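Worksheet for the structure shown next.
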Amino acid sequence: MRRYFHGGDPHDVDRAVEAGAAAVATNPAEYYQPRFLSNLGNALWARSEGTGDLTDLNEAIDTFQRATEATPVTNPHRATYLSNLGNALRARFQRMGNSADLDRAVVAGSAAVAATASPGHPEWGLHRSNLSNALLARFDRGGVVADVDGATEAYGEAVAQAAPGHPNRPMFLTNLGNSWLSRFERLGDPADLNRAIEAGARAVAAAGPGHPQRAPSLSNLGNKLLARYRLAGDPADFDGAVEAMTEALGAIGAHHPLRATVLSNLGLAFLDRFERTADPLDLHRAREAMGRAVEVDVAPAGLRLRAARRLAEAIGTAEEPAAAVPAYTRAVGLLPLVAWHGVGRRDQQQLLEEHGASLGRDAAGAAIASGQLELTAMLLEQGRAVLWSELMNGRTDLARLRQAHPALGTALTNCRAVLDRLPDAGPGPIIGHLN
């Protein structure tokens with residue numbers, strides 16, 4: 001597994017899964033059986049992250065559950081198994097949007113924290129950070145203030161336990177800042193935003209050049225500074241945001257999963273300033289950054305669609321509707337990838353309400369302004385086809401396909417998961433940990 005995480009060779013993780021399964025099958029009653037199950041779960045989860053295979057993720061969750069159930073409450077390793085179970089459940093929520101997985105993740109994470117009550121435990125901070133990730137995700141979904149307050153408190157405890165130089169300190173500080181940012185976005189207290197920026201700056205300072213958390217820390221700090229620029233309009237915040245995002249891009253490769261998110265947010269930053277100053281250079285920079293984000297094929301379809309539509313709207317307002325036709329056409333072309341039955345129903349409804357009817361209408365309006373009547377009809381038809389498709393799918397759920405043809409239903413779901421397995425743009429990724 002270590003060689004897989006370092007080099008990314010899929011054959012290594014396949015061999016890890018095979019070895020883990022053999023260990024579990026060969027030693028069904030051994031004392032180390034829960035540990036073998038946990039190792040197998042880790043390998044399955046790692047493979048699912050690389051391939052998007054939901055079957056692997058589901059099996060990893062079942063395996064972590066078995067490891068937990070097979071471990072006595074007094075066993076010191078049980079907290080690790082519980083924490084990994086919570087992380088895997090949260091990962092499935094991010095893919096499928098089922099709130100029940102979040103609730104189960106919070107229960108498992110809380111049990112892990114309770115099992116490591118002493119600050120001297122080597123995983124004391126890590127388990128609190130993992131629980132906080134689940135609480136913050138649930139707050140973002142449901143808006144219960146107790147969740148974000150619990151997340152912030154636990155993140156703060158994790159930071160306090162991780163001394164300077166601790167490898168997890170940048171991650172804990174980044175996540176602490178994200179919790180303050182989420183609180184600000186929901187409740188509107190500027191003091192929360194200032195706390196978010198302070199934590200983000202400390203995360204960057206703790207993740208020096210070459211640290212694996214440097215790019216995520218920079219990206220998250222840029223998002224927080226941009227939020228304060230939008231609030232108060234201080235040019236220093238804008239310059240700091242662009243500087244942090246640009247440095248983050250320089251610290252990651254062309255195919256890094258974070259790249260599209262950073263490019264999209266950088267483009268949004270230039271659009272924000274363009275709307276204040278009307279400087280055409282900012283619009284040019286926004287078009288360049290967001291155009292590059294839209295073309296990252298491995299990025300989530302929702303992120304790419306939002307970037308394309310936001311860019312089209314800005315171009316249509318700043319120039320003329322006809323100039324926005326290419327961006328609108330690209331956005332409409334992405335709509336079928338977003339409105340798919342493989343995502344959670346609540347997320348699917350949100351995306352359809354956000355884009356389903358209005359996107360095709362706005363795109364058609366731009367095409368009419370440019371005199372492209374055939375394109376107008378095509379754009380309208382594409383938008384309408386997605387809506388009709390989802391209405392029909394509402395009556396014929398994918399679960400029925402899985403029941404009649406399990407392999408085909410699973411293959412379709414896995415295909416969608418590969419295309420959309422990364423988090424959407426926004427405050428930045430909440431960085432979890434696989435123990």
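Structure above, values below:
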| read-out | value |
| --- | --- |
| Where a residue in the stretch 284-297 is without any contact (Cβ under 8 Å) to a residue 24 or more places away in the chain and its partner, wherever it lies, is crowded, with 21+ Cβ neighbours inside 10 Å and part of a helix (DSSP H, G or I), with Cβ under 6 Å and at least six apart | 285/270 |
| Counted residues, the stretch 11-32 - those being in a helix (DSSP H, G or I), over 19 Å from residue 48 (Cβ atoms) and touching a helix residue (DSSP H, G or I) at 6+ places or on another chain (Cβ under 7 Å) | 1 |
| The one condition in (1) touching a helix residue (DSSP H, G or I) at 6+ places or on another chain (Cβ under 7 Å); (2) closer than 20 Å to residue 105 by Cβ; (3) surrounded by fewer than 17 Cβ atoms within 10 Å (Cβ to Cβ); (4) not basic (Lys, Arg) that residue 60 fails to fulfil | (3) |
| Extreme residue, farthest from residue 192 (Cα to Cα), among residues of the stretch 250-270 that are surrounded by fewer than 22 Cβ atoms within 10 Å (Cβ to Cβ) and either touching a Lys or Arg at 6+ places or on another chain (Cβ under 8 Å) or at pLDDT 95 or above (or both) | 253 |
| Counted residues, the stretch 196-225 - those being more than 18 Å from the chain's Cα centre (by Cα), surrounded by fewer than 24 Cβ atoms within 10 Å (Cβ to Cβ) and more than 21 Å from residue 269 (Cβ to Cβ) | 7 |
| Complete set of residues in the stretch 255-310 that are of a type in the set (D, E, K, R) and not in a helix (DSSP H, G or I) | 279, 295, 297 |
| Scope the stretch 182-208; condition touching a residue at least 40 places away in the same chain (Cβ under 8 Å) and either hydroxyl-bearing (Ser, Thr, Tyr) or in a loop (DSSP other than H, G, I, E, B) (or both); matching residues | 182 |
| Helices (runs of 4 or more DSSP H) contained entirely in the stretch 34-115, each with at least 3 residues that are closer than 21 Å to residue 146 by Cβ | 78-96, 99-115 |
| Selection within the stretch 5-32 - at pLDDT 90 or above and not small (Gly, Ala, Ser) | 14, 15, 17, 18, 24 |
| Yes/no for residue 62 being touching a Gly at 6+ places or on another chain (Cβ under 9 Å), among the charged types (D, E, K, R), without any contact (Cβ under 8 Å) to a residue 60 or more places away in the chain and under 24 Å from residue 407 (Cα atoms) | yes |
| Test result for residue 367, buried (at least 17 other Cβ atoms within 10 Å of the Cβ) and either under 21 Å from residue 94 (Cα atoms) or at pLDDT 90 or above (or both) | yes |
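A quick yes/no check of all residues on (1) touching a residue at least 40 places away in the same chain (Cβ under 8 Å); (2) within 21 Å of the chain's Cα centre (by Cα); (3) surrounded by fewer than 22 Cβ atoms within 10 Å (Cβ to Cβ):
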residue	(1), (2), (3)
120	no, no, yes
124	no, no, yes
127	yes, yes, no
131	yes, yes, no
134	yes, yes, no
137	yes, yes, no
141	yes, yes, yes
148	no, yes, no
156	no, no, yes
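The values are calculated or read from the model by the stated rules, or taken from the named source; none is laboratory data. On a predicted model such as this, the values are computed, not experimentally measured, just so you know. Note that we place each Cβ from the backbone using ideal geometry, even for glycine, and neighbour counts take in every protein chain shown.
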